[in-house]
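This report refers to the structure that appears directly beneath it.
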Amino acid sequence: MTLPDLSAEIGGIFLGRVQDRWDGKPPSAIQKDQTLGRQAITLTGFSDDAQADLTVHGGEDKAIHHYASDHYAAWQNEGQMAAGTKPAAFGENIATTELTEENLCIGDILKLGTATVQISQGRQPCWKLGLYTGNEKMPYLFQKTGRTGWYYRVLETGTAEAGDRITLIERRNPDWSVLHVTRARLTRRVSPEEAQALAELTDLAIGWRQAFARMAGGDTEEDTSARLAGQQ
């Protein structure tokens, strides 16, 4: 297989800290601010970044969130974001153009600055995204469009800064684009055969593999109210 020539300049690196943002709601680190200079990348992501709830954010399978800045124009043209909105309006760590859910695949290995990272899963949007963007429909729109961004696990630590390149160096699963797998996970519209194949895809994050294993067994029901609407 010929490796696609996929590379992009890092337009920005965005890091954040845990904050109490909304009365009566759990804290969040969704606000990510642009950070200049070289940033250390550890096995759990950028060393100066934080996540509030490590049961659903962060960890080795969700160390760094990358979002395609290409999507911002679409959100604005559709009237879902204010004109002129810039990264990191969705709480992403990395912003680039020309790398998207359509042309990247689960398991892709990329050079990120001097670090080596691997795509582990797409993003499952939650209610915090709606509050942070000021558009309560945004978590549902993320799911509908598949414009969710993706997460990396870190294979080799290193450093990166804006202006560095992020470059595809190995493609392991050309049949499983980030878009296809993310839509399958979030909509649960997937054949038992595909679900079983994804349950066995070792490059996929373990939580998603477990979810696909349940789908392969016929369990396609999932209560998403807590995640999408913040309902307990």
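The values are calculated or read from the model by the stated rules, or taken from the named source; none is laboratory data. From a predicted model like this one, the values you see are computed outputs, not experimental measurements. All Cβ positions, even for glycine, are placed from backbone atoms using ideal geometry, and neighbour counts span all protein chains on display. Heads up: the accessible areas ignore ligands, DNA and RNA and are worked out on the full protein's heavy atoms, side chains in. Shrake-Rupley method; radii C 1.70, N 1.55, O 1.52, S 1.80 Å.
Carbon and sulfur atoms: what percent of the 1.4 Å accessible area of the range 35-160 do they account for? Write out the running numbers ahead of the final one.
Values: 2430 of 4830 Å².
Accessible surface attributable to carbon and sulfur in the range 35-160 totals 50 percent.
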Signed unit charges on C-beta, dipole axis of the chain, positive-most listed residue 67, 24, 130
24
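Report the FRET efficiency, 1/(1 + (r/R0)^6), for residue 221 and residue 54, where r is their Cβ-Cβ distance and R0 is 30 Å, rounded to 0.05. Show your work: numbers first, answer last.
Values: r = 26 Å, r/R0 = 0.88.
Plugging the Cβ-Cβ distance into 1/(1 + (r/R0)^6) gives 0.70.
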Could you go through the range 81-86 in sequence order and give the Karplus-derived ³J(HN,Hα) for each residue, using 6.51 cos²θ - 1.76 cosθ + 1.60 with θ = phi - 60°, rounded to whole Hz, and x for Gly and Pro?
9, 5, 4, x, 4, 10
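Just order 77-88, 209-220, 126-137 by mean Cβ neighbour count inside 10 Å, highest at the front, would you?
Numbers: 77-88: 13.2, 209-220: 16.3, 126-137: 18.2.
Ranking, from highest mean packing down: 126-137, 209-220, 77-88.
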Give, rounded to the nearest 20 debye, the magnitude of the charge dipole that the chain has about its Cα centre when Lys and Arg contribute +1 at Cβ and Asp and Glu contribute -1 at Cβ.
380
Among 89, 215, 230, whose Cα sits farthest toward the positive end of the charge dipole of the chain (+1 at Cβ of Lys/Arg, -1 at Cβ of Asp/Glu, about the Cα centre)?
230
Could you pull out every residue, at least 5 positions away or on a different chain, whose amide H is within less than 5 Å of the one on residue 155? Hs are placed 1.01 Å off N in the peptide plane, and Pro or chain starts have none.
116, 117, 118
Report, in whole Å, the centroid distance computed from the Cα atoms of the range 146-210 and the range 56-115.
13
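Between residue 161 and residue 70, what FRET efficiency follows from the Cβ-Cβ distance if R0 is 25 Å, with the result rounded to 0.05? If you can, show how the numbers build up before the last one.
Numbers: r = 21 Å, r/R0 = 0.85.
After rounding, the FRET efficiency stands at 0.70.
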FRET efficiency (residue 7, residue 136; Cβ distance; R0 30 Å; to 0.05) is 0.25
What list of ³J(HN,Hα) values in whole Hz, one per residue of the range 114-120 in order, does the Karplus curve 6.51 cos²θ - 1.76 cosθ + 1.60 (θ = phi - 60°) give from phi, with Gly and Pro shown as x?
9, 8, 10, 10, 9, 6, 10
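Given charges of +1 on the Cβ of Lys and Arg and -1 on the Cβ of Asp and Glu, with all other atoms neutral, how large is the dipole of the range 175-232 about its Cα centre, in debye to the nearest 20? Numbers along the way, then the final one.
Numbers: 7 positive and 9 negative charges, 45 e Å.
Taking the Cα centre of the range 175-232 as origin, the dipole is about 220 debye.
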Could you give the length gained by full extension between residue 169 and residue 144, i.e. 0.36 nm per residue of separation minus their alpha carbon distance, to one decimal place?
6.0 nm
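So what's the back-of-envelope 222 nm ellipticity for the chain, counting only DSSP H runs of four-plus at -39500 (n - 2.57) apiece and dividing by all residues, rounded to 500? Could you put the intermediate results ahead of the total?
Numbers: 7 runs with 56 residues, N = 232.
Taking each H run of at least 4 residues, the total per residue is -6500 deg cm²/dmol.
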